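Input: one structure, supplied below.
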Amino acid sequence: MKRTLRSSLLRLTKYLSLPHKVKWKVGALDEIAFWDDHIAKYYASTDGVPKDANARFRVDPSAPLQKELADLLTDVRDPVVRLLDVGAGPFSRMGKTLAGHTVELTAVDPLTTAYARLYEKHNVFPPVRPMEGRGEDLRSLFPADHFHLAHANNCLDHGYDPIRSVQQMVEVVRPGGHVYLRHEVNVAQGAGYMGMHQWNFHLDDQGNFTISDKHRSVDMVRLLGPDVTVTSRTEGLFLITVIHKHDQRIN
Ligand SMILES: C[S@@+](CC[C@H](N)C(=O)[O-])C[C@H]1O[C@@H](n2cnc3c(N)ncnc32)[C@H](O)[C@@H]1O
């Protein structure tokens, strides 16, 4: 689709009252175009190694797991750690190795077909290919209590029901495991509710992690209830929330 037609459609999503799923589909065209340009600029290279350091990290199968994520796994005794990256995009940002463990990383994204075309087009391939799936549907893809850590960066607020996505992430992590969320504060407000940007992640007056759209606001701490502990902090433009799923066997 021509760039001008795509941007006109995208602008319309700001003003028309359409269901989230319709705006999501228009936004998806823009997301794919973004990655096409981004991969061409930062990932593609003539010798197979991207010049950009962030891109190099993402395509490196031996890149270490980020310290703040590794710190959530210090109690894990299992030799294999199961990690989930939700809304991973074409190249998961998560490190792929952790000292003392074998890392089993599963990446999930709803735009995998388009991303597969981009790998071929730019001749650059991720060490872990995302599988097709949405945050809202994780329980149809994975068993409950399965992952040691589920991570989502800058993506659940691009979905059509991030409240459900967070609940699904909590379900698929093991008791004692963690959900790690990193999203720009109030991204939908900032983007004028355009395309995929229909949801705001923020803290309410009591400092509770909250998800809102134009019509409602949900206190996620209350919604998730007493079986988890939710901690949030802001770092620059981003809200970082860590949800610890209690292990009911330990009292
Ligand atoms: C800005 S990209 C971020 C990708 C990656 N997390 C990163 O940090 O590079 C947003 C991603 O969210 C994905 N996304 C959109 N709707 C989603 C949903 N309902 N569930 C999971 N991911 C979704 C998009 O396909 C896209 O790959």
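Looking at segment 220-230, which of its residues are in contact (Cβ under 8 Å) with a residue 24 or more places away in the chain and not in a strand (DSSP E or B)? If you could, list the steps in order and put the result at the bottom.
Keep residues of segment 220-230 that are in contact (Cβ under 8 Å) with a residue 24 or more places away in the chain, which gives 220, 223-224, 228.
220, 223, 224 - these are the residues of segment 220-230 that are in contact (Cβ under 8 Å) with a residue 24 or more places away in the chain and not in a strand (DSSP E or B).
Residue-by-condition table, conditions (1) at pLDDT below 95; (2) within 13 Å of the ligand (Cβ to nearest atom):
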site	(1), (2)
16	yes, no
27	yes, yes
33	yes, yes
36	no, yes
39	no, yes
48	yes, no
51	yes, no
54	no, yes
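Have a look at 69, 83 and point out the one that is within 16 Å of the ligand (Cβ to nearest atom), at pLDDT 95 or above and more than 21 Å from residue 137 (Cα to Cα).
Selected residue: 69, the only one of 69, 83 that is within 16 Å of the ligand (Cβ to nearest atom), at pLDDT 95 or above and more than 21 Å from residue 137 (Cα to Cα).
Here is a follow-up. Does residue 244 count as in contact (Cβ under 8 Å) with a residue 12 or more places away in the chain and under 26 Å from residue 30 (Cβ atoms)?
Criteria not met by residue 244.
Turning to a different aspect of this structure: On the given criteria, is residue 118 modelled with pLDDT under 95 and of a type in the set (A, V, I, L, M, F, W, C)?
So residue 118 does not fit the description; no.
Restricting the search to segment 110-125, which residues are out of contact with any strand residue (DSSP E or B) (no Cβ under 8 Å at 6 or more places or on another chain) and closer than 16 Å to residue 85 by Cβ? Walk me through how you get there before you give the answer.
Keep residues of segment 110-125 that are out of contact with any strand residue (DSSP E or B) (no Cβ under 8 Å at 6 or more places or on another chain), which gives 111, 114, 116-125.
111 - this is the single residue of segment 110-125 that is out of contact with any strand residue (DSSP E or B) (no Cβ under 8 Å at 6 or more places or on another chain) and closer than 16 Å to residue 85 by Cβ.
Of these, 152, 114, which one is hydrophobic (A, V, I, L, M, F, W, C), under 19 Å from residue 240 (Cα atoms) and within 11 Å of the ligand (Cβ to nearest atom)? It would help to see each step written out before you state the result.
Numbers: 114 fails: under 19 Å from residue 240 (Cα atoms).
Going through 152, 114 in turn, the sole match is 152.
The values are calculated or read from the model by the stated rules, or taken from the named source; none is laboratory data. No experiment lies behind these values; they were computed from the predicted model shown. With ideal geometry, Cβ positions are generated from the backbone for all residues, glycine too; neighbour counts draw on all protein chains shown.
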